[in-house]
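The values are calculated or read from the model by the stated rules, or taken from the named source; none is laboratory data. As the structure is a prediction and not an experimental result, all values here were calculated from the model. All Cβ positions, glycine included, derive from the backbone under ideal geometry; neighbour counts span all protein chains shown. Just so you know, the surface numbers come from the protein's heavy atoms only, side chains and all, with ligands and any DNA or RNA stripped out. Shrake-Rupley method; radii C 1.70, N 1.55, O 1.52, S 1.80 Å.
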Amino acid sequence: MRTQVAIIGAGPSGLLLGQLLHKHGIDNVILEARTGEYVLGRVRAGVVEKGTVDMLDEAGVGARLHREGLVHDGTEIAFDGKRHRIDFAELTGKTVVVYGQTEITRDLMDGRAATGGKTIYEAADVSLHDFDGSSPKVRYKKDGKEHELACDFIAGCDGYHGASRRSVPEKSIKTFERVYPFGWMGLLSETPPVSPELIYIHSPRGFALCSMRSNTRSRYYVQCDAGDKTEQWSDERFWNELRARLDEKGRDELVTGPSIEKTIAPLRSFVAEPMRFGRMFLAGDAAHIVPPTGAKGMNLAVSDVHYLSRAFIEYYKEKSSAGIDHYSAKALARVWKAVRFSWWMTSMLHKFPETGEFGEKIQIAELEYLFSSKSAATALAENYVGLPY
Ligand code: FAD
Ligand code: DHB
């Protein structure tokens, strides 16, 4: 089998890249290790930047997001038992949309099915070959049989645990990493959100986040210990802990109910440099991970795909390698700014076991400054709604 671009991974980055390339007549095949249902079962991102919305529109899959997504023109941050608001619309003229990654993935999968794009699910033992030369290949097993996909380029969109980054020789890649000493315990429930906007909570018991998927479905997170297992978190324990971290109004208004889904996410910052290795390109979580505070991971995957899709289009339509040559530097410049913002939000809002009372005093000073200075609030808002591409 032969294609122009072999895409590894059918998460948001792989599916979006496939859709954009197809629109420009560039042949592509997606190889995904899991089933489509498994990919759709992962509850992850919820906040969508304007730039991401524009990319989904460009790919022709934004209609349902515009119908069902909730436009948020601000967010609340609570500390010392009080809530404060960051008004994105007033400070930046921009807003974000609350719409689940699951729904974006479903829209992209439906879009791909409608255009007849080829996705091979349950592709096992995917391996990447010869991307340092002119004829790269991807080998995989499907239903016990070995297959080879020859291509011009490989797009490694296979997430943090994928095969693409791992197939690069150690001497050609440099990685930067910070692992945080805590995780997020997330719970989804069919209950109305505690408040119309998201609430990021700094409390002496640790961080919590009140988010949502619709007016009848809530997504909540509480900071937990790094080694915690979901079995240690009964629904009752989760709701009690969230209530204890909320302000008084939140405690009164929180509606609880049985969980539909519960997962623990570890928190890390990770960047691999460069993002191009000959004819292989990394995009999304395959190249970088940010802690979820600040809602940047999926949005960053989409901005990588913005640069990468344009690079391929330039190559095939204008016979120019300029976009390809500049992809890594352009993508990384935006990546590091999102890494910085996510690290900063994480540092300001979580309870750090090692920093003690000094660390807590600094956090409160930072939060007080944020709400006494329009410049500081604007800096948060312009990063949250998304820096320009
Ligand atoms: P992935 O979604 O990881 O997709 C990679 C795909 O590749 C997967 O389907 C995987 O099965 C497949 N794959 C892996 N290995 C192989 C292989 N060897 N062969 C073939 N296929 C393979 N981001 C935001 O922007 N906003 C948020 O609000 C937000 N909240 C989050 C909350 C939580 C709790 C978590 C955990 C994450 C959150 N994120 C958020 C981050 C976001 O979910 C990720 O950044 C996003 O999924 C990255 O997309 P991706 O397509 O690059 O990678
Ligand atoms: C959600 C996740 C985030 O990491 C965030 O900062 C905001 C919202 C969510 O899952 O809804």
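Observations, loosely collected:
- The set of residues in region 307-322 that are open to solvent by less than 40 Å² (accessible area, probe 1.4 Å) and among the hydroxyl-bearing types (Ser, Thr, Tyr) comprises Tyr307, Ser309, Tyr316, Ser320.
- Residues (among the basic types (Lys, Arg) and either open to solvent by 40 Å² or more (accessible area, probe 1.4 Å) or free of Cβ contacts under 8 Å to residues at least 24 places away in the same chain (or both)) located in region 104-142: Arg106, Lys118, Lys137, Arg139, Lys141, Lys142
- Selection within region 46-68 - surrounded by 21 or more Cβ atoms within 10 Å (Cβ to Cβ) and within 16 Å of ligand 2 (Cβ to nearest atom): Gly46, Val47, Val48, Glu49, Thr52, Val53
- Selection of first residues in region 251-270 that are without any contact (Cβ under 8 Å) to a residue 60 or more places away in the chain and of second residues that are open to solvent by 40 Å² or more (accessible area, probe 1.4 Å) and not aliphatic (A, V, I, L, M), restricted to Cβ pairs under 9 Å at least 6 apart or on distinct chains, gives the following pairs, ordered by first then second residue: Arg251/Arg243.
- Qualifying residues in region 3-39 (those that are assigned to a helix (DSSP H, G or I) and among the aliphatic types (A, V, I, L, M)) - the one farthest from Arg310 (Cα to Cα): Val39
- Residues of region 69-103 classified as closer than 24 Å to Leu17 by Cβ and in a helix (DSSP H, G or I), total: 3
- Scanning region 172-193 for residues that are surrounded by fewer than 22 Cβ atoms within 10 Å (Cβ to Cβ) and aliphatic (A, V, I, L, M), we see that the one that is farthest from Gln363 (Cα to Cα) is Ile173.
- Some residue of region 248-268 being on the phi < 0 side of the Ramachandran plot, within 13 Å of ligand 1 (Cβ to nearest atom) and either of a type in the set (S, T, N, Q) or in a helix (DSSP H, G or I) (or both): yes
- Candidates Asp304, Asp285, Asp325 - the one that is among the charged types (D, E, K, R) and open to solvent by less than 10 Å² (accessible area, probe 1.4 Å): Asp304
- If the condition is being of a type in the set (S, T, N, Q), within 16 Å of ligand 2 (Cβ to nearest atom) and buried (at least 19 other Cβ atoms within 10 Å of the Cβ), then region 199-249 contributes Ser211, Ser218, Gln223.
- Test: residue in region 227-235 that is closer than 30 Å to Leu282 by Cα, more than 11 Å from ligand 1 (Cβ to nearest atom) and of a type in the set (Val, Ile, Thr): no
- Here the condition is being touching a helix residue (DSSP H, G or I) at 6+ places or on another chain (Cβ under 6 Å), in contact (Cβ under 8 Å) with a residue 60 or more places away in the chain and among the polar types (S, T, N, Q); of Ser309, Ser342, it holds for Ser309 alone.
- Boolean, Gly144 is at pLDDT below 95 and more than 15 Å from ligand 1 (Cβ to nearest atom): yes
- Any hit, region 59-67, residues being touching a strand residue (DSSP E or B) at 6+ places or on another chain (Cβ under 9 Å) and small (Gly, Ala, Ser): no
- Unique residue being touching a His at 6+ places or on another chain (Cβ under 6 Å) and open to solvent by 40 Å² or more (accessible area, probe 1.4 Å) when the list is Phe371, Phe358: Phe371
- Exactly one residue out of Gly51, Gly69, Gly60 is modelled with pLDDT of 95 or more, out of contact with any Cys (no Cβ under 6 Å at 6 or more places or on another chain), of a type in the set (Gly, Ala, Ser) and under 18 Å from Ser218 (Cβ atoms), and it is Gly69.
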